[in-house]
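Asks: Next up is a structure, given as structure tokens.
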Amino acid sequence: MDIPTSFAIQIGIAIIFGLALFMMVFVLSEKHIVGILVILLPFQFVDSGYGSLNMALTYMAAFGMLLRGKVRMTPLLGVVI
């Protein structure tokens, strides 16, 4: 499978941002994490047919909060998966 260079760069940026936010979930409070996501909302660094960077960051933050034990109820977890 041949991946164009621009798409590979976008995937790399998304992975770096996602891992950084995932690690910040364990250090910062939920209030700060939501604030970061709200600030990043108007900026779409990566946008493809499969999703955007903001969607990936939101999923990573939610997964980190699940692991941290800050989210107790997950009524739509099956839909997200």
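The values are calculated or read from the model by the stated rules, or taken from the named source; none is laboratory data. Just so it is clear, the structure is predicted and the values come from calculations on it, not from any experiment. Methodologically, a virtual Cβ is constructed for each residue, glycine included, from the backbone with ideal geometry; neighbour enumeration extends over all protein chains shown. For accessibility, only protein heavy atoms count, side chains too; no ligands or nucleic acids. Shrake-Rupley method; radii C 1.70, N 1.55, O 1.52, S 1.80 Å.
Asks: Once the piece of chain linking LEU28 and PHE45 is laid out straight, how much longer is it, given 0.36 nm per residue of separation minus the C-alpha distance between them?
Replies: Details: separation 17, 0.36 × 17 = 6.12 nm, distance 2.30 nm.
Computed gain between LEU28 and PHE45 is 3.8 nm.
Asks: Express in Å², to the nearest 10, the accessible area of MET60 obtained by rolling a 1.4 Å probe over the protein heavy atoms while all chains stay in place.
Replies: 60
Asks: On to the next question. Which residue fluctuates the most in the chain, going by a Gaussian network model with Cα springs under 10 Å, if the choices are LEU66, LEU21, LEU57?
Replies: For the chain, modelled as a Gaussian network with Cα springs under 10 Å, the answer is LEU66.
Asks: Can you list the DSSP H helices in the chain whose Cα atoms extend at least 20 Å along the helix axis and whose mean Kyte-Doolittle hydropathy is 1.6 or higher?
Replies: Length and hydropathy pass: 5-27.
Asks: How much accessible surface area, in Å² rounded to 10, belongs to the heavy atoms of ILE9 with a 1.4 Å probe?
Replies: Ignoring ligands and nucleic acids, ILE9 comes out at about 100 Å².
Asks: I need the chymotrypsin sites (Phe, Trp or Tyr not before Pro) found in the chain, filtered to DSSP loop residues with at most 13 other beta carbons within 10 Å of theirs. If you can, show how the numbers build up before the last one.
Replies: Details: sites: PHE7, PHE17, PHE22, PHE26, PHE43, PHE45, TYR50, TYR59, PHE63; in loops: PHE43, PHE45, TYR50.
Those satisfying the criteria are PHE43, PHE45, TYR50.
Asks: Anyone know which of VAL25, VAL46, VAL71 comes out most mobile in the 10 Å Cα GNM of the chain?
Replies: VAL71
Asks: Over the chain, what number does the Rg to Rh ratio reach, with both radii from the alpha-carbon atoms and Rh per Kirkwood?
Replies: Ratio value, two decimals: 1.00.
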